[in-house]
Every structure is written in C-alpha cells, then in structure tokens.
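The values are calculated or read from the model by the stated rules, or taken from the named source; none is laboratory data. All of these numbers come straight from a predicted model, not from anything done at the bench. Here Cβ is always computed from backbone atoms with ideal geometry, including for glycine, and neighbour counts include all displayed protein chains. These area figures cover heavy atoms from the full protein model, side chains too; ligands, DNA and RNA do not enter into them. Shrake-Rupley method; radii C 1.70, N 1.55, O 1.52, S 1.80 Å.
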Amino acid sequence: MDAATIARAVEPFFTTKPPGEGTGLGLSQVYGFARQSGGSVEIESVVGEGSTVSLLLPVVEVAPSGDPAVKVDHIRAQTPSRVLLVEDDPQVAELIEAMLSDLGHTRSSAPVASTRRSRAWSRTRTSNWCSAT
C-alpha cells in the first residue's frame, strides 16, 4: 500500500477493489474493535512487497480471586428492536442483516429509494433505523 492508501485503509467502506469484490469493511472492523478495547492498529507496508497490520491491545489485570468480576454483555442485554435497513449494496445488506439477526432484532428492508421514505414514516415510534449508505 502506498501512503495515501494507508491513510484511508481503516475508513468504513474504503476499498481499492472493483465493485462487487469487497465491501471495505475488514480493516474498519479491526480498527473499531481495537479502539473499543482501548488499543490501536498499526499498518506497515512496502509497495510491491506486502503489508503488515498489527492489532495492539492493552494488557488488563486479572480481578483478585476473592472478588469475581461480573461479566455483562451490554450488546446482548439490549431490548430487541425493529430496524428498517436501507442499503443499496446487497453484500453489505446481507452482512448487516446477519448481525441484526444475531443480536435478536427484527428487520424490514427498503428495496427502492422512492419507497424508503414512505415506509420509514409508516413505522411505529418504537422502531429504530439502520442505514449503512
């Protein structure tokens, strides 16, 4: 990767591949995981030779044996929601649908731009929106 590509490599949906051959989410997800964990990502590259992406995570001290740590999965503890998914890339939509399903959410998809707004406005106020475009 050249310097310009490295500078954008962790941006969501950035890809150097032609349409249909990649979503540009791989390094973005790695970067997001690292940041949420208090860490970072380093990219080293030599054009024509290859690249190395290092995931740097902080060391965490173990809780004392007499004080067991309570583990709460805040993502799974959320109340399942109804989500309107608006996405024009079928590969991205499939990925997001799988993640929403894994989290217990129900979803509706808006297939055409002209119907997106009318469908969105007809939803109840308890619905959430998810737009990746």
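I'd like to verify a number: residues in the stretch 2-26 that are hydroxyl-bearing (Ser, Thr, Tyr) and over 18 Å from the mean Cα position of the chain (by Cα), how many?
2
Give the number of residues within the stretch 27-61 that are among the polar types (S, T, N, Q) and either more than 21 Å from the chain's Cα centre (by Cα) or assigned to a strand (DSSP E or B) (or both).
Going through the stretch 27-61 one residue at a time, the tally reaches 5.
Is it fair to say SER101 is at pLDDT 80 or above, touching a helix residue (DSSP H, G or I) at 6+ places or on another chain (Cβ under 8 Å) and small (Gly, Ala, Ser)?
no
Cβ-Cβ below 9 Å, separation at least six or inter-chain, first residue in the stretch 2-18 and more than 13 Å from VAL30 (Cβ to Cβ), second among the hydrophobic types (A, V, I, L, M, F, W, C) and open to solvent by 80 Å² or more (accessible area, probe 1.4 Å): which pairs?
Listed pairs, sorted by first residue: ASP2/VAL47.
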